[in-house]
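Just so it is clear, none of the values below were taken in a lab; they were calculated from the coordinates. As the structure is a prediction and not an experimental result, all values here were calculated from the model. Every residue, glycine as well, gets a Cβ built from its backbone with ideal geometry; the counts of neighbours run over all protein chains shown.
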Amino acid sequence: MKIAILPGDGIGPEIVGQAQRVLDVLRDDGLAISYDTAPIGGAGCDAAQDPLPPATLALARAADAILMGAVGGPRYDTLPRPMRPEQGLLRIRRELGLFANLRPALLYPELAAASSLKAEVVSGLDLLIVRELTGDIYFGQPRGRRRNAEGADEGFDTMHYSVPEIERIARVGFEAARKRSGRLCSVDKANVLDTSILWRETVTRLAADYADVALTHMYVDNAAMQLVKNPKQFDVIVTGNLFGDILSDEASMLAGSIGMLPSASLDANGKGLYEPIHGAAPDIAGRDLANPLATILSLAMMFRHTFAHADVAQRIEGSVRSVLRRGLRTGDIALPGEAVVGTRAMGDAVIAALRSS
Ligand code: IPM
Ligand code: MG
């Protein structure tokens, strides 16, 4: 199990550091794990004037799985676009063909009160957003800036999906729904966008191959509303890159904190990049304040999806559950007045739980 670790920027190195300690425990237990670290994002720019240095891409290509922290920070906001940290992330997704982004939103019962929604609306929440990750307006051409006929500057991007791109992500959605409660909701904007009309037609056609899955469709604006009104109506949501970006941030709040949500970005062969869905949080970087649990839970997803070690995944998830049950809280998941622990202490608690499991 060869893992490339890309800590990135801001809180990235701290949270990844805790996940690395989890890997060390598993290796001590006898799992054949090796890992190597390389810079990405702003750290890549600092080290090699490139948000995805060639050596980092090579390491990621050679690995079986990749663990990433987060990228970005104010220091890099004024760089030209190809040098921006986000480009490192977008390029690695694209270069490695990581088209299937799984973003589960699971509410741990202990955190029901930490959600900004009423406990009865979110308790028992367990939904999965399947987001397409290498197409759409994120990568469509042409894009850029130009002067229009009236002499005004304008910016433009192209939303774009081909049938094969829609089919492969829809299949991931159908398969995931099949393994869960058998309900799949495809989210689009087919009342306005041609891309979405093709999306809906394609997903509907594929449904014939999945008679055991109940497929519904929803416009993205309605989905955004339904997610806060009655999130438990959803099991698996499949959607494009842009809508999935937005809806997954929204869904994270249902689970108490964005600091709790892991993700997997998979290629066609199960190789994956695993990362928390939150960003680099430069405002709290280096201060032992960040929640490392989303990163540790991303490791659990790695063992489940790339290494087919569901037992190890469950052991990691069980350790996270047990520290939450014992009342350990980083600032983002603490209620007013509750005692707060730091990144490192949260890591210590997970390690202790893991050792005794
Ligand atoms: C995410 C992030 C990225 C995205 C950014 C950092 C490019 O928001 O992973 O959701 O938009 O995909
Ligand atoms: Mg996002």
For segment 106-260, what number results from the quotient of the Cα radius of gyration and 2.2 N^0.38 Å? 1.16
Apply the a/c threshold of 1.5 to the C-alpha gyration tensor of segment 187-274 and tell me whether it is rounded, prolate or oblate. oblate
Rg (one decimal) and Dmax (whole number) from the Cα set of segment 112-152, in Å, equal 20.9, 55
Tell me, what is a quarter of the convex hull surface for the C-alpha atoms of segment 214-328, in nm² with one decimal? 9.2 nm²
Take peptides 237-244, 285-292 and line them up by average Cβ neighbours within 10 Å, highest first, as a rough protection proxy. 237-244, 285-292
With -39,500 (n - 2.57) per DSSP H segment of 4 or more residues and division by the full residue count of the chain, the 222 nm estimate, nearest 500 deg cm²/dmol, is -12500 deg cm²/dmol
A student asked for the Cα radius of gyration and Dmax of segment 1-93 in angstrom ought to give 13.5, 46
Please compute the Kirkwood hydrodynamic radius of segment 228-286 from all pairs of different C-alpha atoms, in Å with one decimal. 13.3 Å
On a straight-distance basis, which aspartates and glutamates could pair with Lys232 in a cross-link, Cα separation under 16 angstrom, same-chain partners fewer than 8 positions away excluded? Glu120, Asp126, Glu250
Give the lysines whose C-alpha is closer than 16 Å to that of Lys2, dropping any in the same chain fewer than 8 places away, or say none. Lys271
For Lys179, the aspartates and glutamates lying under 12 Å Cα to Cα, once residues fewer than eight places off in the same chain are dropped, come out as Asp212, Asp235
Search the structure for amide H atoms under 5 Å from the amide H of Thr37, placed 1.01 Å from N in the peptide plane, and list their residues when 5 or more places away or on another chain. Ile5
Rounded to a whole number, what is D in µm²/s for segment 280-323 from Stokes-Einstein with the Kirkwood radius over alpha-carbon pairs (4 °C, 1.567 mPa s)? 113 µm²/s
For segment 34-162, alpha-carbon Rg relative to the globular expectation (2.2 N^0.38 Å, N residues): 1.38
Semi-axes a, b, c in Å (a largest) for the chain, each sqrt of 5 times a Cα gyration tensor eigenvalue, come to 31, 26, 21
